[in-house]
Amino acid sequence: MRSTEQVGAILAGGCCIGCGACSAVGGAALRPRLNRHGMFEPVLPPDFGEETAAAVLNVCPFSDEGPDEDALARALYPAARVDDRLGRYQQLYAGYVAEGEFRARGSSGGVISWLLSELLRTGKVDAVIHVGSAPPGSDRLFAYRVSSTLEEVLAGAKSRYYPVEMSDVLALVLAKPGRYALVGLPCFIKAARRLARVDAVFRERVVHTVGLVCGHLKSTAFADCFAWQAGIPPGALEFIDFRVKQADRQAHDYAVTLRGAGRETTAPAGGFFASGWGLGLFKYEACEYCDDVFAETADIAVGDAWIPAYMQDPGGTSVVVARSDEMLRLVEDARREGRLHLEPSTADVIATSQTAGLRHRREGLRYRLHLARQRGHWKPRKRVPASARGVSLRRRRIYRLREDLRRSSHELWLESVRAGDLRRLTDGLRGLLARYHRAQNPLLLRVLARLWRLIRPPGRSS
């Protein structure tokens, strides 16, 4: 396959995550734009040729060119231990930041903001590249930004379930000398690692990477769908905080704050349609072909401790996978000083925090690759083989229904916006959701049906 054909296959197959890395080698013309579904993707210029396409494939995280996560991590952390779920690691932890406002202002344990601030405080970097509020006048809510002070870092704390891209900050790094730390999703960090292999300036300047443990990336419709349910119509949302901690609830039972159209509301996230993460509504299709949950090419990865032992604490707890020597020293020094309350953990415990995600990106990915091969669709080469073997009929049904839910959510959202009626989405997905929940809980449903037959009033039909 020619390079231009493979780039075309990535775009046509929905396997572009819109990270913007291609703009660093292909020029400003390749900077991603939001498409009609509210997801970033580049628009190829008319003069897009083989030479540019080859350069793009070398950095694209979903291309078949260049090293995969295993090869990248092996070169970066040769002495680290290996786990096929977490990738390479030197030490594993669970806990939170014990000093300052980091934990209170973070989504979980506050570890990422603390790490960035510590890198700045100790002079290990001059600036950090992370996601924060988009600048005034932007058509988006969030964007990558460059910060050099503690307050700027704290202002960028918390999770943003919203599409972002790196083209502007990559251009800044290449233009402005300095030492940078980069925060990103697994695929974004992989793209940065691939870029560092082909660009010595970028390799010299991005000296630390912090990865986010990832479920998947959402389109802009995810935030707008929450807002519409709160009385804020599409396009009028001005602010959203996806992770508001509730002192009287468990860590996973957080609230959402929304503001726009003269309204402001805070309500439990679980009460909003589309809040179920496992449903995959408004998900990028590329996320269905990712096998990296724990940001395996990052110097350190941090995520939520969705583990029963920690979920009772509403303050939030983080899981931490330390890979590089310098990040490990940073963490260990702070632990000894009592600034970090992190307990050593095990690979089995840390993997438990992402049980569903790992299953979806191991067993589920094998089956999705199998389906794509049957349909004659190009998909990227992954570290798991395409196969339906060992996938039960029930699990196959669940994976197919998730695919239908993801695809339908994008199209039905457009219909809802055009009609000015959110019910086009909610009613349109009702049948798929019912089938999905039946597939997820077949035994429970059979028990409930049997109980209903036993207790239903005489003369009533079932």
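Starting from the amide H of Phe282, placed 1.01 Å from N in the peptide plane, find each other amide H under 5 Å away whose residue is 5 or more places distant or on another chain.
Ser409, His410
Of the beta bridges DSSP finds with both residues in the chain, what % are antiparallel, to the nearest 5?
Details: 38 of 49 bridges.
Looking only at bridges with both residues in the chain, the antiparallel portion is about 80 percent.
Could you give the length gained by full extension between Asp241 and Arg400, i.e. 0.36 nm per residue of separation minus their alpha carbon distance, to one decimal place? Mind dumping the intermediate values first?
Working: separation 159, 0.36 × 159 = 57.24 nm, distance 3.15 nm.
Going from the current span to full extension adds 54.1 nm.
What distance in nm lies between label points placed 7 Å from Cα along the C-beta direction at Glu65 and Ala347?
Simple spin-label model gives 3.3 nm for this pair.
Taking the dipole about the Cα centre of the chain, with the C-beta of Lys and Arg at +1 and of Asp and Glu at -1, give me whichever of Leu414, Ala54, Ser117 is farthest to the positive side.
In the chain, that residue is Leu414.
Treating the beta-carbon of each Lys and Arg as +1 and of each Asp and Glu as -1, no other charges, what is the dipole magnitude of the chain about its Cα centre, to the nearest 20 debye?
Dipole magnitude for the chain comes out near 2280 debye.
Take peptides 382-392, 100-110 and line them up by average Cβ neighbours within 10 Å, highest first, as a rough protection proxy.
Working: 382-392: 13.5, 100-110: 22.3.
Top of the packing list down: 100-110, 382-392.
Once the dipole of segment 253-332 is set up with Lys and Arg at +1 and Asp and Glu at -1 on Cβ about the Cα centre, which of Phe282, Thr265, Ala255 lies farthest towards its positive end?
Positive-end residue among those listed: Thr265.
In whole percent, and with a 1.4 Å probe on the protein chains, what portion of the accessible area of the chain is carbon and sulfur? Before the final figure, lay out the partial values.
On the way: 10150 of 20220 Å².
With neighbouring chains kept in place, the figure for the chain is 50 percent.
Could you run the Karplus curve 6.51 cos²θ - 1.76 cosθ + 1.60 with θ = phi - 60° over segment 183-199 and give me ³J(HN,Hα) per residue in whole Hz, x for Gly and Pro?
For segment 183-199, the Karplus curve yields 9, x, 5, x, 5, 5, 5, 4, 4, 5, 5, 5, 5, 4, 5, 10, 10 Hz.
List the relative contact order of the chain as a percent without decimals, with contacts defined as Cα pairs under 8 Å and 6+ residues apart.
Values: 841 pairs, mean separation 81.2, N = 462.
Relative contact order of the chain: 18 percent.
In whole angstrom, note down how far apart the Cα centers of segment 181-251 and segment 24-78 are.
18 Å
Could you point to the residue in Val302, Gly357, Gly316 farthest towards the positive end of segment 295-375's charge dipole, with +1 and -1 charges on the Cβ of Lys/Arg and Asp/Glu respectively?
Of the options given, the answer is Gly357.
Would any residue of segment 190-211 have its amide N under 16 Å from a label point 7 Å out along Cα→Cβ of Asp325? List them or say none.
Backbone N within reach: 208.
From the phi of every residue in segment 122-134, what ³J(HN,Hα) in whole Hz does the Karplus formula 6.51 cos²θ - 1.76 cosθ + 1.60 yield, where θ is phi - 60° and glycine or proline is x?
For segment 122-134, the Karplus curve yields 8, x, 6, 9, 8, 7, 10, 10, 8, 9, x, 4, 5 Hz.
If we sort 260-273, 117-130 on the protection proxy, mean other Cβ atoms within 10 Å, highest first, what's the order? Let's see the in-between values first.
Numbers: 260-273: 14.5, 117-130: 19.3.
Packing order, densest peptide first, comes out as 117-130, 260-273.
Taking the solvent-accessible surface of protein heavy atoms with a 1.4 Å probe, what is the per residue accessible area of the chain in Å²? Walk me through the numbers before you get to the answer.
Values: 20220 Å² over 462 residues.
Each residue of the chain exposes 44 Å² on average to a 1.4 Å probe.
What is the magnitude of the charge dipole of segment 53-106 about its Cα centre, with +1 placed on the Cβ of each Lys and Arg, -1 on the Cβ of each Asp and Glu, and no other charges, expressed in debye to the nearest 20?
Magnitude of the dipole: close to 280 debye.
Report the label-to-label distance for Glu50 and Asp313 in nanometres (one decimal), using points 7 Å from each Cα along the Cα→Cβ vector.
The modelled label-to-label distance comes out at 5.8 nm.
Note down the relative contact order for segment 5-95 as a percent, whole number, built from C-alpha pairs under 8 angstrom at least six residues apart.
Working: 88 pairs, mean separation 19.5, N = 91.
Relative contact order here is 21 percent.
Filter the cross-link list Lys158/Lys382; Lys283/Lys379; Lys158/Lys379; Lys158/Lys218; Lys176/Lys218 down to pairs whose alpha-carbon distance in this structure exceeds 23 Å.
On the way: Lys158/Lys382 30 Å; Lys283/Lys379 17 Å; Lys158/Lys379 32 Å; Lys158/Lys218 16 Å; Lys176/Lys218 31 Å.
Where the Cα-Cα span goes over 23 Å, the pairs concerned are Lys158/Lys382; Lys158/Lys379; Lys176/Lys218.
List every residue whose amide H lies under 5 Å from the amide H of Gly20, counting only residues 5 or more places away in sequence or on a different chain, with H placed 1.01 Å from N in the peptide plane.
It is Met166, by chain and number.
With just the Cα atoms defining each centre, how far is segment 358-426 from segment 102-145? Give it in Å.
If we compute the Cα centre of each part, the gap is 32 Å.
The values are calculated or read from the model by the stated rules, or taken from the named source; none is laboratory data. As the structure is a computational prediction, the values presented were derived from the model and not from experiment. With ideal geometry, Cβ positions are generated from the backbone for all residues, glycine too; neighbour counts draw on all protein chains shown. For accessibility, only protein heavy atoms count, side chains too; no ligands or nucleic acids. Shrake-Rupley method; radii C 1.70, N 1.55, O 1.52, S 1.80 Å.
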